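Student: This is the structure, below, for whatever I ask next.
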Amino acid sequence: MPDDTQPPTGRITLVTGANRGLGLAIAEHLASSGFRVIGTSRDGEPASDLIEGWVRLDVTDTASVNAAFDEIEERFGNVEVLVSNAGITRDGLVLRMSDDDFTDVIDANLTGAFRVARRAAKAMVRARRGRIVFVSSISGRVGQAGQVNYAASKAGIVGMAKSLARELASRNICVNVVEPGPLPTDMTASLTDDQRTQLVAAVPLGRMGELSEVAAAVEFLAGDAASYITGAALAVDGGLGM
């Protein structure tokens, strides 16, 4: 049964990579809905007055992850909802992709998500309650030319989430994934007009998604309305991944 001793909108929620783009949109949406949101970035500088607190966190550094959680626990309390969003891209065709281009993306996007989830799970297991939402990408489901590294990292997140969901279910911790499709972010802004036109043409709904639509999906999975959903990958992609 869901634990209703605390309303979902009062829970301490950590959003990684919250300083811009989709991460910022998710953090502001959750804060506007009443969640107590802590945002992270590499410099820890505030990016929005809506967010209750900001901490410095580098997902590629275990010591940084642990220090950030120690600070959050001291200042705010234990993280009850984790939204793992931080990530990078190093796009390029495979014949020109270096080892570093590949491993850096895997380390930030996949191993970084693991580092953060591992640390968050400690308090969640003790509390016997928690929500972990990973932000993946529809690229991890369908692939994307020029994104071998990125697609591999995002596909890996789904497998990791399903394994964590099985491992943590007995502690009433739900672990799920949101898979956004094309969005108006820095990634799509760097495309040419022709590339954006082709991208949108591949989407059955015929448009890019809105950041708010992905944020709403994250809010749903973070709350008690989704208390019987775990190990799921929810595509918010206009049908692109069908």
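Student: Along the principal axes of its C-alpha atoms, what lengths does segment 149-203 span, in descending order and rounded to whole Å?
Tutor: Principal extents (Cα only, largest first): 49, 20, 19 Å.
Student: Once each part is reduced to its C-alpha centroid, what is the distance from segment 162-212 to segment 56-116 in angstrom?
Tutor: Between the Cα centre of segment 162-212 and that of segment 56-116, the gap is 18 Å.
Student: Using protein chains only and a probe of 1.4 angstrom, how many square angstrom of Leu199 are accessible, to the nearest 10?
Tutor: Spelled out: Leu199, probe radius 1.4 Å, area about 40 Å².
Student: Beta carbons within 10 angstrom, averaged per residue: use that to sort the peptides 87-94, 155-162, highest first. If you can, show how the numbers build up before the last one.
Tutor: Numbers: 87-94: 15.9, 155-162: 19.0.
With the highest mean Cβ count within 10 Å placed first, the list reads 155-162, 87-94.
Student: If you don't mind, another one. For the charge dipole of segment 104-154, defined by +1 on Lys and Arg C-beta atoms and -1 on Asp and Glu C-beta atoms about the Cα centroid, which residue among Val125, Ser136, Ala108 has the Cα displaced farthest towards the positive pole?
Tutor: Farthest along the dipole direction, towards plus: Val125.
Student: Here's another thing I want to ask about it. Restricting everything to alpha-carbon atoms, can you work out Rg to Rh for segment 189-242 with a Kirkwood hydrodynamic radius?
Tutor: On the way: Rg = 14.2 Å, Rh = 12.9 Å.
Value, to two decimals: 1.09.
Student: Can you tell me the Rg and the Dmax, both Å, for the Cα atoms in segment 65-219?
Tutor: My reading of the Cα-based Rg and Dmax gives 17.0, 52 Å.
Student: Oh, and also: If you place +1 on the Cβ of every Lys and Arg, -1 on the Cβ of every Asp and Glu, and leave all else neutral, what size is the dipole of segment 7-155 about its Cα centre, to the nearest 20 Debye? Provide the component values of the computation, followed by the final result.
Tutor: On the way: 18 positive and 18 negative charges, 155 e Å.
It comes to approximately 740 debye.
Student: Taking K and R as +1 and D and E as -1, what net charge do the other residues with C-beta under 11 Å from the C-beta of Arg119 add up to? Could you put the intermediate results ahead of the total?
Tutor: Numbers: positive: Arg115, Arg118, Lys122; negative: Asp70, Glu73.
Overall, the nearby charge balance is +1.
The values are calculated or read from the model by the stated rules, or taken from the named source; none is laboratory data. Just so it is clear, the model here is predicted, and its values are computed rather than measured. Here the Cβ is made from the backbone with ideal geometry for all residues, glycine too, and neighbour counts use every protein chain on show. With ligands, DNA and RNA removed, areas are computed over all heavy atoms of the protein, side chains included. Shrake-Rupley method; radii C 1.70, N 1.55, O 1.52, S 1.80 Å.
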